[in-house]
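Q: This is the structure I want to talk about, given as structure tokens.
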Amino acid sequence: MTPAPGALLRTRISGVGRYVPERVLTNHDLEQMVETSDAWIVERSGIRERRIASGDETSGTMGARAAEEALASAGLTGSDVDLVIGATCTPDGMFPATATVIQDAIGAGSASSFDVNAACTGFLTALSVGSQFVTSGSAGRVLVVGSETLSRVVDWTDRSTCVLFGDGAGAVVLEPTQEGEPGGLASPVLRSDGALGDLLYARGPASARPGARGIGDNGADPLRAVASCIVMDGRNVFRHAITAMTEAAQACLAGAGLRAEDIALCMPHQANVRILSAFARNLELSEERVYMNLERYGNTSAASIPIALAEAVAEGRLSAGDRVLMVAFGGGFTWGATVVEWSGVRRPERLAAVPGSRASTAPPP
Ligand code: ACO
């Protein structure tokens, strides 16, 4: 739609979608791989199972499946999209951007595309960037896709991290609101503190090579010489996550002139049930108003909020005019929050029945 000249544009989420790989890895499967127990994992994290990408699935292919579902729920196709923003810390490659892989797969031939990496805060960051393209009038329809293949950067022998993460993708379509419609992203808060980067990271193939002698001196296996799996100081991450999510949510609510009781549903990054419970207590949000599906997917980083959003829509948890508080925290450290006024989205058909838990028969990754 073309807004009236001079009209102030606001953004609405007009479509949602998600894709999760078929393969389920349960806590009981993990008991066969590392010294752990279902009881320990459930008690410390709330996670019961997670999804694992198949060999030919990537953040790009999963992101494209989620994007197609989001477009279908908005009544659009790829050719309607002006911009694709990918949020991922597990891209298909160093380049091209995973958003470009998605753009090609969904037939968004006239769209531009790029990725943002803010770890688990990636989706909120991309949502804020995408919304600014819409409100400035630079793009009419923006796809924001959070997609992660964390199973490929997890050390499956490290029990302190491998029990926490999973794979999947979620997507939303952003468009300008029509006159008189609900919608809008209020008071986005985005923060970071690079001094805390060492508490949660995964090195890449272009990381520093201390002691290397010069150009071309990459060691015996150039691409793998310095790359690492996820390294995490769990206890400190836990502590900072609660403080940062609380601070971001409070700043966001204050900026929007809202109180916690004005929030119909909080859609937090799905990291750990204990982090989310402490956050909810700090904000005085009752737990029924904090959406959680982490028991089925674990922590899917930038994909977790849009997967949760798509499932909340499929479950009929949101109505037009509801205020949704999104809040996230992740490696970097990065953290942030925003309030979205819900504008009403058709339920994605394939999501009508949210899949339950299925036992895994496959061998460990
Ligand atoms: N199974 C059994 N025992 C375990 C496991 C496991 N999977 N992992 C660790 N342990 C042991 C430890 O070795 C330790 O044993 P010890 O006392 O003999 O030394 C004991 O359990 C306690 O370990 P802690 O690390 O203190 O356990 P904690 O209660 O802090 O829980 C956890 C660990 C779940 C990782 C928690 O710290 C946490 O959730 N941190 C935040 C993690 C997170 O959310 N990260 C991502 C957020 S940002 C983002 O999304 C990228």
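The values are calculated or read from the model by the stated rules, or taken from the named source; none is laboratory data. What you see is a predicted model, and the numbers here were worked out from it, not measured in a lab. As a convention, Cβ positions derive from the backbone with ideal geometry for all residues, glycine included, and neighbour counts pool all protein chains shown. These accessible areas exclude ligands, DNA and RNA; they are computed on the full protein's heavy atoms, side chains included. Shrake-Rupley method; radii C 1.70, N 1.55, O 1.52, S 1.80 Å.
Q: Mind checking which of Thr11, Gly109, Val142 is farthest towards the positive end of segment 1-159's charge dipole, using Cβ charges of +1 (Lys, Arg) and -1 (Asp, Glu) about the Cα centre?
A: The one lying farthest along the dipole's positive direction is Thr11.
Q: Rounded to the nearest percent, how much of the accessible area of the chain (1.4 Å probe, protein heavy atoms only) is carbon and sulfur?
A: 50
Q: At a 1.4 Å probe radius, which order do Glu49, Glu295, Glu22 fall into by accessible area, largest first?
A: Sorted descending by solvent-accessible area, the residues read Glu22, Glu295, Glu49.
Q: Please figure out what share of the DSSP beta bridges in the chain is antiparallel and state it in percent, rounded to the nearest 5.
A: 70
Q: With +1 on each Lys and Arg Cβ and -1 on each Asp and Glu Cβ, how big is the dipole of the chain about its Cα centre, in debye rounded to the nearest 20?
A: My answer is approximately 300 debye.
Q: In square angstrom, what is the accessible area per residue of segment 1-112 with a 1.4 angstrom probe?
A: The answer is 43 Å² per residue.
Q: Just to confirm, what accessible area per residue do you get for segment 140-216 at 1.4 Å probe, in whole Å²?
A: I get 45 Å² per residue for this part.
Q: Name the residue from His28, Met292, Cys229 whose Cα lies farthest towards the positive end of the charge dipole of the chain, charges +1 on Cβ of Lys and Arg and -1 on Cβ of Asp and Glu.
A: Of the listed residues, the answer is Cys229.
Q: Sticking with this structure for a sec: How large is the charge dipole for segment 241-314, taken about the Cα centre, if only the Cβ atoms of Lys, Arg (+1) and Asp, Glu (-1) carry charge, to the nearest 20 debye?
A: Dipole about the Cα centre, nearest 20: 140 debye.
Q: Does segment 5-136 come out rounded, prolate or oblate by the C-alpha gyration tensor, with a ≥ b ≥ c the root eigenvalues, rounded set by a/c under 1.5 and, if not, prolate when a/b is larger than b/c and oblate if not?
A: Here segment 5-136 falls in the prolate category.
Q: Moving to a separate point now. How large is the Kirkwood hydrodynamic radius of the chain, counting all unique pairs of alpha carbons, in Å?
A: Computed over the chain, the radius equals 20.5 Å.
Q: Calculate, in whole percent, how much of the Cα-Cα pair population of segment 63-111 lies beyond 13 Å.
A: Numbers: 609 of 1176 pairs.
In whole percent, the share of Cα-Cα pairs in segment 63-111 beyond 13 Å is 52.
Q: Quick one: which residues, 5+ away or cross-chain, put their amide H under 5 Å from the amide H of Asn299? H built at 1.01 Å from N.
A: Under 5 Å from the amide H of Asn299 lie the amide H atoms of Phe165, Gly166, each far enough along the sequence or on another chain.
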